1. Return the only residue of B:PRO3, B:PRO42, B:PRO47 being touching a His at 6+ places or on another chain (Cβ under 9 Å) and not small (Gly, Ala, Ser).
2. Out of A:ALA353, A:ALA304, report the one residue that is under 22 Å from the mean Cα position of the chain (by Cα) and of a type outside the set (Asp, Glu).
3. Determine whether A:GLY305 is out of contact with any strand residue (DSSP E or B) (no Cβ under 7 Å at 6 or more places or on another chain), touching a residue at least 24 places away in the same chain (Cβ under 8 Å) and closer than 26 Å to A:TYR210 by Cβ.
4. Quick check, is B:ILE229 touching a strand residue (DSSP E or B) at 6+ places or on another chain (Cβ under 9 Å), of a type in the set (Val, Ile, Thr) and free of Cβ contacts under 8 Å to residues at least 60 places away in the same chain?
5. Out of (1) away from chain B (no Cβ under 14 Å); (2) assigned to a helix (DSSP H, G or I), the odd one out for A:ASP194 is which?
6. Among the residues of the range B:207-227, which ones are surrounded by 24 or more Cβ atoms within 10 Å (Cβ to Cβ) and closer than 28 Å to A:PRO269 by Cα?
7. Give B:LEU166, B:LEU117, B:LEU137 a once-over and let me know the one that is crowded, with 22+ Cβ neighbours inside 10 Å, within 14 Å of another protein chain (Cβ to nearest Cβ), in contact with a strand residue (DSSP E or B) (Cβ under 9 Å, 6 or more places away or on another chain) and closer than 21 Å to B:ALA356 by Cβ.
8. Taking A:THR110, is it within 14 Å of another protein chain (Cβ to nearest Cβ), under 29 Å from A:LEU169 (Cα atoms), under 19 Å from the mean Cα position of the chain (by Cα) and of a type in the set (Val, Ile, Thr)?
Number of protein chains: 2
Amino acid sequence: MKPQISPRGRAMPASPIRKLMPLADEAKGRGIHVYHLNIGQPDLETPQALRDRLSHADRVLAYTPSGGTPEYLDALVGYYRGQGIDVESADLIATTGGSEALLFAFFATTSEGDEALVCEPYYTNYNSFATLAGVRLVPLRTRGEDGFHLPPREEWERALTPRTRLVLLCNPNNPTGTVYTREEIERVAAFCRDHGLFLIADEVYREFVYDGGHAISALTLPGFEDQVIVVDSLSKRYSACGIRLGALVTRNREVHQATLRMAQGRLSPPGLAQLAATGIPDVPAGYFASVAAEYQQRRDVLFAGLTGIPGVFLRKPEGAFYFIARLPVDDAEEFARFLLTDFSHQGATVMVAPAAGFYATPGLGRDEVRIAYVLKREDLEQAVAVLAAALPAYRRARGLASRPDAAAEPAEALRIQRPVV
Amino acid sequence: MKPQISPRGRAMPASPIRKLMPLADEAKGRGIHVYHLNIGQPDLETPQALRDRLSHADRVLAYTPSGGTPEYLDALVGYYRGQGIDVESADLIATTGGSEALLFAFFATTSEGDEALVCEPYYTNYNSFATLAGVRLVPLRTRGEDGFHLPPREEWERALTPRTRLVLLCNPNNPTGTVYTREEIERVAAFCRDHGLFLIADEVYREFVYDGGHAISALTLPGFEDQVIVVDSLSKRYSACGIRLGALVTRNREVHQATLRMAQGRLSPPGLAQLAATGIPDVPAGYFASVAAEYQQRRDVLFAGLTGIPGVFLRKPEGAFYFIARLPVDDAEEFARFLLTDFSHQGATVMVAPAAGFYATPGLGRDEVRIAYVLKREDLEQAVAVLAAALPAYRRARGLASRPDAAAEPAEALRIQRPVV
């Protein structure tokens, strides 16, 4: 008898960020250059200070402590203090990227059938961890017109059920680029405290804030120590996505202990990554500022370029290195496929992530894409030129007017021509 | 309101291998040398061929493909072919150690409330993955007197319920050191096929077989392609426990696809580890034979030493680098604590893993310990001397006769003085 895979194995979603990759590979096979705006893989070098440590690897690449090496944890404590966040080693568990921190946080706080509140659009891979944990993600809608800022407290109250266990908040936000105000984060934390919920704060883009802004860490809110679990990662911060190293940070001792027991079950976080991370104290002081300046310029290039394309709507994001753009198309996934299979402009095309996979509510995000600005400015300018040429071509191919205008478009398209900056 | 951690977070077991570590640290603080027989951390060097690759790291430590880099997967395929196991890249998913392969295998094959059959004593961390997955491990007992070989088919049939989804088999076995015969593995595989169960075969000790023996991989059994999921790891094979790299291997396409979707959810396996693993083809041809010869000698040293201690019972294990030893004590965990808190011999003591945590049936294994022979022979001889002195001292301290003999001991102790080799 052939054994059957489990319902949760079957329900596990394919990544909407990666699922069009075979089409991109085919386009490359036809000699077309593909600008990858679909994935948050920065092109910046991993700091030399981290890479240099690899030449000091032990001759026996042995297990490390389950919660992380003292050297890595000390480097993290130093980093947090530099960010004005007062944590101790005993508040940390080293994890295999932010991903494992999310996994641990879900399992430490939920039972199968429980619910988690999350603002949509949200980082699509939250669906994977929720599926593993058997948890339903209950979406609260945020809107481009509001800069994707948080809904009022009444909406949070309405979404609450007896199975609600936590709020999952990404700040700065992937995919919207929104950076929440202190008042917004305190409001969510107070909602959590009032109802005995955990606040899982995904802060992996903490340094990526522009125009002189600053992200408020949930760890700096006094009085919410029992509520807050922070998911963190070195991936974006040090352009080191591939090493798979992060941390779960909490002052809630029960959560910390449960997480440590889970960490013991998988023995150790990656050792070579922890070795590289001991170079953190040697990263030059101006590193984050220079990285943020570079991303701010990239954002500005893309924003200026895309707002010049008729029918494209986006707001200027405050942080991270993504935004959600609404396009004058019927189906953004069809358009993303069109870009890879039927279109090129001066030998190049663009890969974008259809945004529907970032929403839980069916039908939302169908005319939106997530765009990551992790490429050099010249490349982003070329990508804008591709999109500017592709949109009319796609509309012609679909039998729509080549330019969206009042005569050809429904009311929704009119509305989306009023960009909110 | 203080939020409550989840029942599964609360149920997550602490590692019985590591939980006495604070006592070991205290002993070291008192200047006592501790021989670690509690954990399978080999002292052999990671092959130079793997470590050398670290000097070729990219300047951007980027995400790798979710299922593993082509270079790592190719190195694995080459390794398997060298072992007479015919697999292709498309059968593999790179994982963060064997641990993540176990996690993926559990989630791909079970729902909460399902059952998995496993022979006890078993690798204690299976409890962690079962707890995360909400799966009950149903034990089939194996006994030292039988060399911990597999029970007859009737016992497997009796343990079956409508919730049984899989059999979890570790071969060569941690903690018993047993290497199953081809007939035994075929018998289990046929049982799985007859009942539509998966066979999850943990084969991370494949090369550690002594006296000219050979481990039969479940991947080499014809006709069981739909059943078999192999959990594999580089940790022990290349003395590289800390890099956290392994693989899930299956020819069942549905399992492979579900696992790949889980892998996409966590983005990538560790990149530096995969880089190191591209050195696998350059590991000298005689490497496994020389490692096995070294461990065989270590096993022989420990076996000779321990069988010379009155009241100690163990069989000579065929593989891996562990065995279960029965000791003339009332409570092996108490004895393990005594070793660390109340005893030293010539400035040294020994840390062992109490075996009760390797059994699911309450009360079993209380007079047993798991011993890992991952230290140099001289160290193992010293460890034997410590245990030979400690056992009478412990018995005296507990008010037992200093030597176990027929007059002082119950029938069970008599039986355990007949070692089966």
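The values are calculated or read from the model by the stated rules, or taken from the named source; none is laboratory data. Keep in mind that this is a model prediction, so the values were computed, not measured. Here the Cβ positions follow ideal geometry from the backbone for every residue, glycine too, while neighbour counts run over all protein chains shown.
1. Answer to the selection: B:PRO3.
2. Just a single option satisfies the conditions, and that option is A:ALA353.
3. Yes; evaluated as a whole, the condition is true for this residue.
4. Spelling it out, it is not the case that B:ILE229 is touching a strand residue (DSSP E or B) at 6+ places or on another chain (Cβ under 9 Å), of a type in the set (Val, Ile, Thr) and free of Cβ contacts under 8 Å to residues at least 60 places away in the same chain.
5. All conditions are met except number (1).
6. Matches in the range B:207-227: B:PHE208 only.
7. On inspection, the qualifying residue turns out to be B:LEU117.
8. So A:THR110 fails the test.
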